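Structure below; questions to follow.
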Amino acid sequence: MAADVYISGHPLIQHKLARLRAVDTKPPEFRDLIAAISRVLFFEATRDVALRPVAVTTPLAKVTCREIAEKIGLVPVLRAGLGMAEAMLQALPEAAVWHLGLYRDHATLKPVTYYNKLPPQPDMDTALVLDPMLATGGSAIAAIDILKKHGTPKVKFVGIIAAPEGRDELRAAHPDVPIYLAALDDRLNEIGYIVPGLGDAGDRQFGTA
Ligand code: PRP
Ligand code: URA
């Protein structure tokens, strides 16, 4: 059975998504919105992470609490995944960050890998691939191919907006990988952009439109 596709219906996410999509939202606010939405999705995507007991002394007593037992890797797909990784790193500073540089060739819409900063040995239990836009699915599939070849045991994909085409391609290529999203949009247009979408997520974060 294929892994789940989780689409958050949380009112705060929907509220922030409205501003994220708006054409007049400038890069500073756009980055804040990406961070706020990513933090909520991070909590959802780590809901099943293993815990272990840890002894803690409070000002009043000793108590057995729980701490995260897994090593978690954040894998931002450059450029647009960077803002997502930064927000998640604030929530879990112990996470490692593995950068993967992929861009979509404008003519073919196929992903081109230009940077790979995975460690020599796979030392993570779970890797979260981060990219706000799941359009044709080519970039996400290529990133997950790289992680699986590298030997990472468990991979999840966290995006913000997906097209049905990208969701279906990703599920077909990697049925074991759960997908976490803030929205599933209508379609891709003729040049591979998500409609209604938000435009180019990298350009809008970094002011390069
Ligand atoms: C965007 C986006 C994804 C990719 C999604 O990156 O951030 O990585 O397109 O499209 P796909 O699902 O069809 O592969 P882009 O290639 O524009 O690179 P950038 O982040 O450097 O601008
Ligand atoms: N990449 C983006 O940044 N936006 C889209 O709509 C599709 C791919």
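Given springs between every Cα pair under 10 Å in a Gaussian network model of the chain, which of T57, T108, T25 has the largest fluctuation?
Comparing T57, T108, T25 in the GNM, the peak value goes to T57.
Then there is this: Note down the net charge around S38, summing +1 for each Lys or Arg and -1 for each Asp or Glu among other residues with Cβ under 14 Å from its Cβ.
0
Let me ask something additional. For region 5-206, just list the percent of Cα-Cα distances falling in each 10 Å bin from zero outward, please.
Calculated over all Cα pairs of region 5-206, the distribution is 9, 36, 35, 14, 5, 1, 0 percent.
Given the DSSP H assignment, sum -39500 (n - 2.57) over each helix run of at least 4 residues in the chain and divide by its residue total; what's the result at 222 nm in deg cm²/dmol, nearest 500?
My calculation for the chain gives -10000 deg cm²/dmol from helical runs alone.
Calculate the spin-label point distance for A18 paired with R52, positioning each point 7 Å from the Cα along the beta-carbon direction, and give it in nanometres.
Result for the modelled spin labels: 4.6 nm.
Still on this structure, I have one more. Determine the equivalent ellipsoid of region 124-209 by diagonalising the alpha-carbon gyration tensor, then write out the semi-axes as square roots of 5 times the eigenvalues, largest first, rounded to whole Å.
23, 14, 11
Which order do the peptides 76-83, 121-128, 94-101 take when ranked by the mean count of other beta-carbon atoms within 10 Å per residue, highest first?
So the peptides 76-83, 121-128, 94-101, ranked by packing, come out 76-83, 121-128, 94-101.
Related question: Given points 7 Å out from each Cα along the Cα-Cβ axis, report the N189 to Y114 separation in nanometres with one decimal.
Between N189 and Y114, the simple spin-label model gives 2.3 nm.
Here is a further query. For the chain, compute the number of Lys pairs whose alpha carbons are separated by less than 15 Å, excluding pairs fewer than 8 positions apart on the same chain.
The result is 6.
Let me ask you something else. So who's got an amide H within less than 5 Å of the one on Y180, skipping anything under 5 residues away but keeping other chains? H placed 1.01 Å off N, in plane.
Under 5 Å from the amide H of Y180: Y6, F157, V158, G159.
Where a number appears in this text, it was derived from the coordinates with a stated rule and is not lab data. Model, not experiment: these values are computed from the prediction. In this analysis, Cβ positions are derived from the backbone assuming ideal geometry, glycine residues included, and neighbour counts consider all displayed protein chains.
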